[in-house]
Every structure is written in structure tokens, then in C-alpha cells.
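Heads up, the thing below is written out as C-alpha cells.
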Amino acid sequence: MALLLGSFRSIAIGVMLGVIALGMSAMSGCSDMPKDAHVDGIVWQPDEATARTAGNWQMLGVRELLIQWIVVDDIAFVSGAGLPTARRLPDFERIGREPWARNVILGLAGYGDEKRARANVAQLAQRSAALARLPLPLHVTGYYFPVEIDPTWTDAPRLAKLLDKLPRPLWVTVYDSANVGGTTLASWLAAWLPADVGIFFQDGCGVHAREPSVAREYLDALSNRLGKARVRVIAEAFRPAVKGGFRSATADELRSQLSQYSGYTVFLFDGPHYVSDDLVRALAPDAAKGLPEKSKPPGSVKPAP
């Protein structure tokens, strides 16, 4: 009997040790799971291919949508602009109900070609002022003037008077193709950009202009000079494709970017073209557990951002 009881004790102890080991293994496995990435906003560059844009970017934490423009190349993506309209118009009624578009920064008038946009900046500002008065079924919390700024644009300071004619809150995009550095860029902007205009800094990672850690240095320099409330970052969610054009960034590539921008408001460029449900699932596996296994791929690959 004593021998039998000893055997039972040995078995019981073995089972308990096995359960403990299994639990520790499970805990270790959980700690190895990637933490859900967080993004504050998503950018949408409307075109014919993405007029009916849809996604599940709220799984990343997105609650704000930046629409790059509602008029581009003299074609309107809204009715009532007094211009020819796109063949497919966005369903802004539906978009306004999406969880990722609770707040909308409305981009106004632009041109896809940068040189053309800069050459016609006064006309675009005048057109944008009129567009801002159009009623749209969106919760518009700010406006965006889609003529991008970088230090090689020597006439950029003349924007100041034009921007004064546009509604507030107002945002512009800034990038650094000349690699002058964050401190120099911040000083240049502080010399002429109206103090009530915010900036979206394009991180340049999508075209391999810089590493995320260097983009972070730019953000810190800009916020130190202009004030943190005026500075947001656009994390480029694309990379050069082998055969030309651009592809979606991988989850690992995006995680490397986003990990550098803690403390800043981050927008991904852009959701409909580059951030599919599959990519959302890879970036936020816990939040996206309820998504279908297969998702519609993003819109057509763009030849350039």
C-alpha cells in the first residue's frame, strides 16, 4: 500500500509539474506575440481606383482621416465645385459613418504634378477657399492645402499671404528632399510659415530618403522650434517595387517606422492604396481577430506617392 501511494504521489507531482511547465510555456508564447501597432490617422489620396474606398484601419486605432484633395488636376471628387467631376464619386455619406473617419481633415485643391502645383499656387489657394465652403456629410475638423513644401522651393515664403485666406485649423505637408536637417528646416519654416498653420512631416522612409530614427530627429527639431501641437508625422506605408512603382510596406518595415514615433500623432500614407486588411491583421493581430481570413487587396499600385 505504501509503495502504491508513493507511485500516486509521484504521478500527481509529475502532472503538476507538467501543468506548470505548460503554463509557463504559454505565458512565454504570449510574451513573444507582437504587440498591436497603433496609428492615429490614415491618409487617402482620392483617385478613380479608390473612389469607393473601404478598410478596417480602426483596428490600428485610426479615428481620423486626412483626405489629400477633393479637386485634383481640375477634376472634382465632389459635386457643386463648378468643375468637371470624376466618373466615380466617393460616397461621403458612408465614409462619414466609418469609425476611421470620425474626424476628417479635408484636403482642398491641388495638382498631381508638383511643379504645376507650385506654379499655380495662387489659383489653387483661391479655388481652395471656395471649396472649403461646400457642405459635405463629414465631421470636418480641419483643412489641408495640398501643395507640398520643401526647402528647394525658393518661392515658398510667398505662401504665407495665400494661406491667410484659407480657413482654420489649417495643415500643410513638409518634406526635405535636400536633406538640410531638422534644425535648418525648422528655422526656415519658423521664418515665414503662419504660426497658426500645422505641418505634416513626411518621414521619407517610403523612398529610402532616411531611416525612421533620423525622421524622429526631424520631428524633435520641428516640435522644439514650432511647438509639438503643430507637428504631426506621415509614415509612408510604401516602398519601391522591384519592377518599378511602389509596393506596400511589410508589417516588419512599418513596425520599425512606427516604433520611432512614440509621442507624436502618426498618419499612414495611404490607406486605400497600401494598407490592406491583411496588413492591418499583421500589424494588429489582437485587435483584428474578428476580421475575415481573406481580404480585398488595396487599390491599384501607384507609380509615385
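The values are calculated or read from the model by the stated rules, or taken from the named source; none is laboratory data. Note that this is a predicted model, so its numbers are computed, not measured. Note that each Cβ is placed from the backbone with ideal geometry, even for glycine, and that neighbours are counted across all protein chains shown.
In a helix (DSSP H, G or I), in contact with an Asp or Glu (Cβ under 7 Å, 6 or more places away or on another chain) and under 24 Å from Pro46 (Cβ atoms) - does that describe any residue in region 93-107? No, because not a single residue in region 93-107 is in a helix (DSSP H, G or I), in contact with an Asp or Glu (Cβ under 7 Å, 6 or more places away or on another chain) and under 24 Å from Pro46 (Cβ atoms). Looking across region 164-204, the residues that are among the hydroxyl-bearing types (Ser, Thr, Tyr) and assigned to a loop (DSSP other than H, G, I, E, B) come down to Tyr175, Ser177. Checked against (1) modelled with pLDDT of 95 or more; (2) in contact with a Ser or Thr (Cβ under 8 Å, 6 or more places away or on another chain); (3) assigned to a loop (DSSP other than H, G, I, E, B), Tyr261 meets all criteria but (2).
Test Arg88 against the criterion of being in a loop (DSSP other than H, G, I, E, B) and under 22 Å from the mean Cα position of the chain (by Cα), and give yes or no. Step through it out loud before you land on a result.
Values: in a loop (DSSP other than H, G, I, E, B): yes; under 22 Å from the mean Cα position of the chain (by Cα): no.
No.
With respect to Arg210, determine if the residue is in a loop (DSSP other than H, G, I, E, B), in the same structural domain as Glu64 (by TED's automatic domain parsing) and out of contact with any Leu (no Cβ under 7 Å at 6 or more places or on another chain). Answer is yes for this residue.
Number of residues in region 35-53 that are touching a residue at least 60 places away in the same chain (Cβ under 8 Å) and either in a strand (DSSP E or B) or among the hydrophobic types (A, V, I, L, M, F, W, C) (or both) equals 7. The lone criterion from (1) part of a helix (DSSP H, G or I); (2) surrounded by 23 or more Cβ atoms within 10 Å (Cβ to Cβ) left unmet by Ile234 is number (1).
Pairs linking a residue in region 204-228 that is closer than 16 Å to Phe238 by Cβ to a residue that is in a helix (DSSP H, G or I) and among the aliphatic types (A, V, I, L, M), with Cβ atoms under 7 Å and 6 or more positions apart or on different chains, are Gly204/Ala215; Cys205/Ala215. Within region 237-258, the set of residues being in a loop (DSSP other than H, G, I, E, B), of a type outside the set (S, T, N, Q) and free of Cβ contacts under 8 Å to residues at least 60 places away in the same chain comprises Ala237, Val242, Lys243, Gly244, Gly245, Ala249.
All of Val214, Val197, Val207 fail the test of being β-branched (Val, Ile, Thr), crowded, with 16+ Cβ neighbours inside 10 Å and touching a helix residue (DSSP H, G or I) at 6+ places or on another chain (Cβ under 7 Å), apart from Val197. Restricting attention to region 118-134, the residues being among the aliphatic types (A, V, I, L, M), surrounded by fewer than 19 Cβ atoms within 10 Å (Cβ to Cβ) and in a helix (DSSP H, G or I) number 4.
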